[in-house]
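None of the figures in this text is laboratory data; all of them are computed from the coordinates on show. Keep in mind it's a predicted model, so treat the numbers as computed, not measured. Positions of Cβ are backbone-derived with ideal geometry, glycine not excepted, and every protein chain shown enters the neighbour counts.
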Amino acid sequence: MKRTHLLLLTLAAVLFVFCKTKQSGTNTTKVIDHFDVDRPYNPWVFRSVLDLQPRMLTLALHDNLWVAYSTNDGSLYKAWKGIVNFDGAVFTTRHGPQPTSLGNAYFINQHNQPWLVTVNGKEVTPTITYKGHKFVDGHAQLMFELGLPDGKTISITEQPEYTDSEGVTGFERIFTSTNVPEGAQVVLKTNVSSVA
């Protein structure tokens, strides 16, 4: 019995030491991660079925803006003001229903395959591979690869974010491309809706 208490006390002391913030003189190091940003849902980036579509990545950017991406084709599926109705076996133990987006849509994608690459003026439809997402300075960055017929790949990173200009909801998308071959241009087809 005494051994168990001693073991628990030792474990608690070790955890306390590892969880304590380290300070060196006047310099304090603070790690900023995605939990420091005020988002309407936690976790604010997650994968699930959404609106009967599998392999969707949903981001709760702000109370006024949720967005969802298809990891199949690297496209923005929808941007809306509202919530996600978390229904289904994973969330409510009810079998059959799946999560659905609820609220007014700012944008619904009209392009099944939005990515194109033009190589020396000739249009090529790349294969899309979702490479995951990461968190950088409180933002989520989505990573995709565009595979070309000659075996080369172009890396695309997108950072979606909520913006507000004088009380008007906006949606910012920052793209970074790497490994774009000489003479190639990356094209993203999109439709414009009511979001700024």
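May I ask for the distance between the Cα centers of the range 124-181 and the range 54-84, given as a whole number of Å? What the calculation gives is 14 Å, centre to centre.
Dipole orientation for the range 98-196: of the candidates PRO114, THR127, PHE175, THR127 has the Cα lying most toward the positive pole (charges on Cβ; Lys, Arg +1; Asp, Glu -1). Here the range 156-196 is scanned for amide nitrogen atoms under 14 Å from the site 7 Å beyond the Cα of THR125 along Cα-to-Cβ, giving 189.
Rg/Rh for the range 37-196 stands at 0.99; both radii use Cα atoms, and Rh follows the Kirkwood definition. Distance distribution P(r), the range 108-196, all Cα-Cα pairs, bin width 10 angstrom from 0: 14, 42, 32, 11, 1 percent.
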